[in-house]
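Remarks on the structure that follows.
Just so it is clear, none of the values below were taken in a lab; they were calculated from the coordinates. Please read all numbers here as calculations on a predicted model, not as lab measurements. Here the Cβ positions follow ideal geometry from the backbone for every residue, glycine too, while neighbour counts run over all protein chains shown.
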Amino acid sequence: MARAAAVVIATLAALLAFVGASGAGVTPDTTLLSRYAPILTLHPQERLSPVAVDGYLADSDLTVKAAGGTWVPTVIPLETAPEAARLDQRLCRASDGPDAASCYAAAQAVRGTTPTTYGAVFRSNARIALQYWLFYTFNPYEQLAPQGRFWQAHEGDWEAVTVLLDRAERPLLVGLSRHCAGVRRSWTRTPRRSTHPLVYVALGSHANYFGPATRPLDRVCWPPEALAVYDAYGVTLVDRTARGRVVRPRVVRITARSPAWMRYRGAWGETQYVGFPNVDPLAFGSGPAGPAFHDLWRTPVATPLAWPPG
């Protein structure tokens, strides 16, 4: 009888250990997202901040290309739109370049300017990736030089901050999106306030950095045609970060299916434009894709690990 009781006790202990290993001590996703949400420092001249997408969607037409090559509005659910679709903010024009920033800022102010980040959690056997997606309604990058103004502008701008944890929920590193890729830094070297990474946002481009400075852009992010023009003018493109307004974005949870706009496959903006001195703006590409259609979302651990130290 005693032997049978011992077997039962041992079995119960094993079951409790299994339940504890698989469930106990796991912090809820919303708690983790709140704990490590980034604190952003905007450039003193920055007019736009990361906001909820709702106002931008309300002010935008969903457009598709007609037979003649023009973009025409269509009325279909956003999540059913084809990949070639584009959102077009009807109140402002990206072709006006940095001068349009006042229009986008005014539209944003009417709809509300509560700083917002969209948070997602990815769990694997070895790592937990916390992603914080930041949406800016307009990207008015500008470089002033003795020869004149050089700029790139597009509607919609998705940037991201990643905090990578081990399975014991200990922070390992922080990854910051930046133009065509990103950089990473170990948690111990990351500037932070308590558990919140401190991120500096570049003026106009909204690229993310670990501190204030002026830094040359990575040439790999620019097409050869544009680089040839910049080289001919002797212009070095740089990002500028500085101590300005500090914002603590509220965290809104997202998944690949929710909200419905997460399933939108098209571009978050009309045609992109670039500007050079003494020429009309040139059309170049379209707005960015939404979070679920980036490599960072598809491979949330491997992507930031592959970024260079920064």
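Over region 101-197, what portion of Cα pair distances is larger than 19 Å, expressed as a whole percent? Value for region 101-197 (Cα pairs over 19 Å): 57 percent.
Each residue, ARG170 and ARG245, gets one label point 7 Å from its Cα in the Cβ direction; the gap between the two is 3.9 nm.
Highest mobility in the GNM of the chain, judged by mean-square fluctuation with C-alpha springs under 10 Å and restricted to ALA109, ALA129, ALA66, is found for ALA66. In the chain, the calculated helix contribution to ellipticity at 222 nm averages -5500 deg cm²/dmol per residue, counting -39,500 (n - 2.57) for every DSSP H run with n ≥ 4.
For the peptides 44-57, 222-235, 194-207, residues were scored by their other Cβ atoms within 10 Å and the scores averaged per peptide; the highest-first order is 194-207, 44-57, 222-235.
For region 26-306, the relative contact order works out to 26 percent when only alpha carbon pairs closer than 8 Å and six or more residues apart are counted. The 3J(HN,Hα) values that the Karplus relation (6.51, -1.76, 1.60; θ = phi - 60°) gives for region 301-307 are, in residue order, 9, 5, 5, x, 5, 7, 5 Hz. Gly and Pro appear as x. Dividing the convex hull volume of the alpha-carbon atoms in the chain by its residue count gives 161 Å³ per residue.
Does anything in region 75-111 have its amide N under 16 Å from the 7 Å Cα→Cβ label point of PHE284, and if so which residues? Under cut-off, by backbone N: 94-99.
Normalised by the number of residues in region 83-238, the mean separation of alpha-carbon contacts (under 8 Å, six or more apart) gives a relative contact order of 15 percent. Spin-label model, SER186/GLN45: points 7 Å from Cα along the beta carbon direction are separated by 3.7 nm. Under the convention that each Lys and Arg Cβ holds +1 and each Asp and Glu Cβ holds -1, the size of the dipole of the chain around its Cα centre is about 1440 debye. In this simple spin-label model, placing a label point 7 Å from the Cα along the Cα-to-Cβ direction at both ARG111 and ARG257 gives a separation of 2.6 nm.
Roughly what angle does helix 2-22 make with the longest principal axis of the chain, taking Cα atoms, 0 to 90 degrees, to the nearest 10? Between the helix axis and the principal axis of the chain, the angle is about 10 degrees.
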